[in-house]
Amino acid sequence: MNSNVLPITVIVAIFLFILKELFEFYRRYMADRRKIVAVKRLLSIEIEKNNWVIKSLREHLEGIQNSWNESNYFVVNKYPSGCRLEEKRNDGGGGGAPVYEVSTIVFDKIFFELPALDTDLFDLAEKAYEGIAEIKHITDSLIEHVTNKEDHIAPDFMLCFCEYALEKLNISHKSLCELYKKCTGEDLITHKLRTYI
């Protein structure tokens with residue numbers, strides 16, 4: 001027997017080992033792909049919820065900007081998902097609408113898994129997450145400034161705040177739109193008031 005030739009059992013063992021590793025690689029690859037699809041779907045739903053928050057917040061800011069000196073604004077009904085901003089106009093009319101809280105449930109749960117799954121998705125998610133933090137800050141500031149309006153140094157403070165807040169809101173919205181496009185391949189035009197997450 002030639003000593004330079006590997007026994008058939010060794011060749012079969014090496015072949016089976018390589019085959020097993022290839023199957024394992026394929027299994028992990030497919031699992032990661034399914035996970036990325038699920039993550040993109042969950043992120044897109046959360047973005048749609050926050051798109052509703054942005055739409056509502058933009059309407060509040062523009063309303064205040066247009067009628068701050070002709071109306072009295074106040075915050076009522078604090079509840080777990082936000083509060084209600086009321087307007088009483090000088091002519092006796094008025095109205096009100098909820099100020100919604102941003103949603104970060106999905107971001108909080110999956111954010112640290114994203115770098116290992118998809119670095120491009122992580123980069124966009126990081127910007128969007130910062131945008132959501134900015135939206136939360138704007139929301140909290142709006143409530144605080146309306147609640148403590150007597151403490152404003154200048155009478156036009158709220159007009160300046162609204163201008164600043166709308167500019168920051170547009171930047172934050174753009175970051176959410178970019179992530180949504182990556183997740184769905186579509187432009188962000190829909191919004192959801194509530195979802196299962």
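The values are calculated or read from the model by the stated rules, or taken from the named source; none is laboratory data. As the structure is a prediction and not an experimental result, all values here were calculated from the model. So basically every Cβ, Gly included, is an ideal-geometry build from the backbone, and we count neighbours across all protein chains shown. Calculation scope for accessible area: heavy atoms of the full protein, side chains included, ligands and nucleic acids excluded. Shrake-Rupley method; radii C 1.70, N 1.55, O 1.52, S 1.80 Å.
Some notes on this structure:
- Evaluation of Leu159 against (1) within 17 Å of the chain's Cα centre (by Cα); (2) touching a residue at least 12 places away in the same chain (Cβ under 8 Å); (3) open to solvent by 30 Å² or more (accessible area, probe 1.4 Å) (one fails), failing number: (1)
- Strands (runs of 3 or more DSSP E) fully within region 30-107 that include at least 2 residues being at positive phi and in contact with a helix residue (DSSP H, G or I) (Cβ under 7 Å, 6 or more places away or on another chain): none found.
- Residue check for Thr119: closer than 19 Å to Leu61 by Cα and surrounded by fewer than 16 Cβ atoms within 10 Å (Cβ to Cβ): no
- Qualifying residue in region 116-129 (condition: outside any helix (DSSP H, G or I), under 25 Å from Val53 (Cβ atoms) and more than 14 Å from the chain's Cα centre (by Cα)): no
- Phe25 being open to solvent by 60 Å² or more (accessible area, probe 1.4 Å), under 19 Å from Lys182 (Cα atoms) and in a helix (DSSP H, G or I): no
- Residue within region 131-154 that is farther than 22 Å from Val75 by Cβ and in a helix (DSSP H, G or I) present: yes
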